[in-house]
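One structure is given here, and the rest of the page talks about it.
No value in this document is a laboratory result; all are computed from the given coordinates. Owing to the predicted nature of the structure, the values given are computational and were not obtained by experimental measurement. Because the Cβ atoms are built from the backbone with ideal geometry, glycine has one as well, and the counts that use them run over all protein chains shown.
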2 protein chains.
Amino acid sequence: MKPLILITNDDGVDARGIHALSEVALEFGEVIVMAPSHNASGKSLSLTTDRPLRVREVRQADGLAVYACDGTPVDCVKLALEHFCPRRPDLVLSGINHGSNSSINILYSGTMGAVLEATTLGFPAIGFSLLHHSPNADFEPSRPIVRHLVGHVLDHGLPPDVSLNVNIPRLGTDDIKGIRLCRQSKAKWLDSFEKRIDPLGRPYWWLTGKFVCQNPPDNSDEWALAHGYVSVVPVHTDYTDQAAIEQLQTIEQY
Amino acid sequence: MKPLILITNDDGVDARGIHALSEVALEFGEVIVMAPSHNASGKSLSLTTDRPLRVREVRQADGLAVYACDGTPVDCVKLALEHFCPRRPDLVLSGINHGSNSSINILYSGTMGAVLEATTLGFPAIGFSLLHHSPNADFEPSRPIVRHLVGHVLDHGLPPDVSLNVNIPRLGTDDIKGIRLCRQSKAKWLDSFEKRIDPLGRPYWWLTGKFVCQNPPDNSDEWALAHGYVSVVPVHTDYTDQAAIEQLQTIEQY
């Protein structure tokens, strides 16, 4: 039986990135897309708790079923796995995101939220992001990268409870230097909110922000991307800091 | 100068849990509360990108300033740190959440989303949760636990880039056996969506779900909580799986 691949994203079901991803996935097997009907960027792993979800069938033909859901990327993964997949998928994919999810951007990303959700449920999963925010971003150079990684994971699997955060530099096919396994870079977002005053004199604040990552080490995703490589960070959903458990022992003296 | 403590939550500025947390924090220093004006449970680290934020001053007296914001818990932390704190806070607190954030619940939690955000920005931070969902939950037995941990962290700090996920069992003061440093338990949420049919015959899906955590090891948070202990999991924001980097080397052959 052909592999079954479940796909979602956070840019919405109509985004160019998810079309490119679906087309490459179809080369490997059957594809089910369950994606937000709207833009759900920056939704992290959020869940919809205050209202029920609706699903609209967008397309059903030639091995590709596409559904739009009015929930978050995590909602999409849970709902598709339980109610829309005819059998257990072999792989869960998310993206291709319009914009970077490298470094700590993984914390906020709806694209990677969906991937982490799939990981908790025991599925191999890959999130793809292109370092280009435009709705009209060119995903042609991303296709061979996606093809290689999807093929590799379908053939070899992933270690248990591990998924991949893949970021692709904004370069032409010939300028991409290769693929690097990396660590997540340490960084922070500063100057996050811009204050403005409305016509009635009342303040309001817009999210903005400056990404600050100083001297990323050469085994990190920011270094790889800055040097023309695709970064692949294997990630997990256990946030425990084991070293701190040793260091904090006196906290138990209560 | 007295310590400055920034507090947020995800249950909203009016929740009993954040009142209890603010009262204990006031024993240690000045307190600024910037919390969602509404319930923001399950918002993870989501950001508000599609509209600007508004802030309402709720109270300003006796070392306690309280603001309500129409954004997410992460928005609250960013906005408060940049525009509302008179100086750099010594500590960021979140909670006390009405309900558990142990195990993989940390992935979805707005309470812990705020804590992880503060961690990326270099602040020591603690998230508190009580294993009791009711809006009328009794936070009295939580107070001495919060007092001990806040005092400990103000006195001794935390390792760099580490914050604490604290869960408190639903027990009376005398029945709480102590505090245990733990690892995050592995678990999954199953049966997440219940399908219903509306009066016009159309389907809709409500989030529900069954938390499944089998045989948690005795160094894990689920074990500690089930045995009457407060669980303290030191967490970080680097999701890299280092072991997988070694195991996946062939993926670079592109």
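If you put +1 on each Lys and Arg Cβ and -1 on each Asp and Glu Cβ, how big is the dipole of segment A:1-146 around its Cα centre, in Debye rounded to 20? Mind showing how you got there, number by number?
Numbers: 11 positive and 16 negative charges, 48 e Å.
Dipole of segment A:1-146, to the nearest 20 debye: 220 debye.
If the label for B:Arg59 sits 7 angstrom from Cα along the Cα-to-Cβ line, what are its distances to the same label in every other copy, in nm to one decimal, shortest first?
Here B:Arg59 shows inter-copy label distances of 5.5 nm.
Of the beta bridges DSSP finds with both residues in chain B, what % are antiparallel, to the nearest 5? Please list the in-between numbers first.
Numbers: 19 of 48 bridges.
About 40 percent, rounded to the nearest 5.
May I ask which residue of A:His133, A:Leu79, A:Asn219 lies farthest towards the positive end of the charge dipole of chain A, with charges of +1 (Lys, Arg) and -1 (Asp, Glu) on Cβ and the Cα centre as origin?
A:His133
Quick check on packing: order A:221-233, B:154-166 by the mean number of other C-beta atoms within 10 Å, highest mean leading.
Details: A:221-233: 23.0, B:154-166: 19.1.
Final packing ranking: A:221-233, B:154-166.
Using a 10 Å cut-off around each Cβ of peptide B:106-116, what is the average number of partner chain Cβ atoms that fall inside?
Values: counts 5, 11, 9, 2, 3, 0, 1, 5, 0, 0, 4.
Shielding by partners across B:106-116 averages 4.
Less than 12 Å Cβ to Cβ from B:Cys85, Lys/Arg counted +1 and Asp/Glu -1: what total charge do the surrounding residues give? Walk me through the numbers before you get to the answer.
Details: positive: B:Lys78, B:Arg87, B:Arg88; negative: B:Glu30, B:Glu82, B:Asp90.
Once all neighbours under 12 Å are counted, the net charge is 0.
Search the structure for amide H atoms under 5 Å from the amide H of A:Val58, placed 1.01 Å from N in the peptide plane, and list their residues when 5 or more places away or on another chain.
Counting only residues 5 or more places away or on other chains, the set is A:Val66, A:Tyr67, A:Ala68.
Quick one: which residues, 5 or more positions from B:Gly178 or on another chain, have an amide H under 5 Å from its amide H? H modelled 1.01 Å from N in the peptide plane, none for Pro or chain starts.
Counting only residues 5 or more places away or on other chains, the set is B:Val230.
Inter-copy label distances at B:Pro199, 7 Å along the Cα→beta-carbon direction, one decimal in nm, shortest first?
In nanometres, ordered from closest: 4.0.
When Cβ neighbours within 10 Å are restricted to other protein chains, what is their mean count per residue of peptide B:185-195?
Details: counts 2, 5, 1, 6, 5, 4, 2, 11, 10, 3, 5.
Partner-chain Cβ atoms within 10 Å, mean over residues of B:185-195: 5.
From other protein chains only, count the Cβ atoms within 10 Å of every residue's Cβ in B:225-236, then give the mean. Please report the intermediate quantities before stating the final value.
Details: counts 0, 0, 0, 0, 2, 2, 0, 5, 6, 11, 5, 6.
Mean shielding count: 3.
Nothing charged except the Cβ atoms of Lys and Arg (+1) and of Asp and Glu (-1): what's the magnitude of the dipole of segment A:169-254 about its Cα centre? Round to the nearest 20 debye. Write out the running numbers ahead of the final one.
Values: 10 positive and 12 negative charges, 86 e Å.
In debye, rounded to 20, segment A:169-254 gives about 420.
Within 10 Å of each residue's Cβ, count the other Cβ atoms and sort A:Cys69, B:Cys76, B:Cys213 from fewest upward. Each step should come with its number before you reach the end.
Details: A:Cys69 25, B:Cys76 34, B:Cys213 18.
With the fewest neighbours first, A:Cys69, B:Cys76, B:Cys213 line up as B:Cys213, A:Cys69, B:Cys76.
Quick check on segment A:103-254: take the gyration tensor over C-alpha atoms, sort the square-rooted eigenvalues as a ≥ b ≥ c, and tell me if it's rounded (a/c under 1.5), prolate or oblate.
Working: a/c = 1.79, a/b = 1.09, b/c = 1.65.
Judged from the Cα gyration tensor, segment A:103-254 comes out oblate (a/c at least 1.5, b/c at or above a/b).
Pick from A:Phe193, A:Phe139, A:Phe211 the residue whose mean-square fluctuation is largest in a GNM of chain A, springs joining Cα atoms under 10 Å.
Most flexible of the set in this elastic network: A:Phe193.
With each label point set 7 Å from Cα along the Cα-Cβ vector, what nm distance links B:Arg56 and B:Arg87?
It works out to 3.2 nm between the two label points.
Report relative contact order for chain A in percent, whole number only (criteria: Cα-Cα under 8 Å, sequence separation at least 6).
Working: 560 pairs, mean separation 44.7, N = 254.
Dividing the mean separation by the residue count of chain A yields 18 percent.
What number comes out for the charge environment of B:Ala114, summing +1 per Lys or Arg and -1 per Asp or Glu over other residues with Cβ under 12 Å away?
Details: positive: B:Lys43, B:Lys78; negative: B:Asp10, B:Asp11, B:Asp75, B:Glu117.
Neighbourhood net charge equals -2.
Taking the Cα centre of segment B:4-252 as origin, work out the dipole magnitude from +1 charges on Lys and Arg Cβ and -1 charges on Asp and Glu Cβ, in debye rounded to 20.
On the way: 21 positive and 30 negative charges, 101 e Å.
So the magnitude is around 480 debye.
List the residues, sorted by chain then number, that are 5 or more residues from B:Arg183 or on another chain and whose placed amide H is less than 5 Å from its amide H.
Placed amide hydrogens put B:Ser220, B:Asp221 under 5 Å from B:Arg183.
As I understand it, the dipole of segment B:4-252 uses +1 on the Cβ of Lys and Arg and -1 on the Cβ of Asp and Glu, about the Cα centre. Which of B:Trp206, B:Ile168, B:Leu91 lies farthest toward its positive end?
Of the options given, the answer is B:Trp206.
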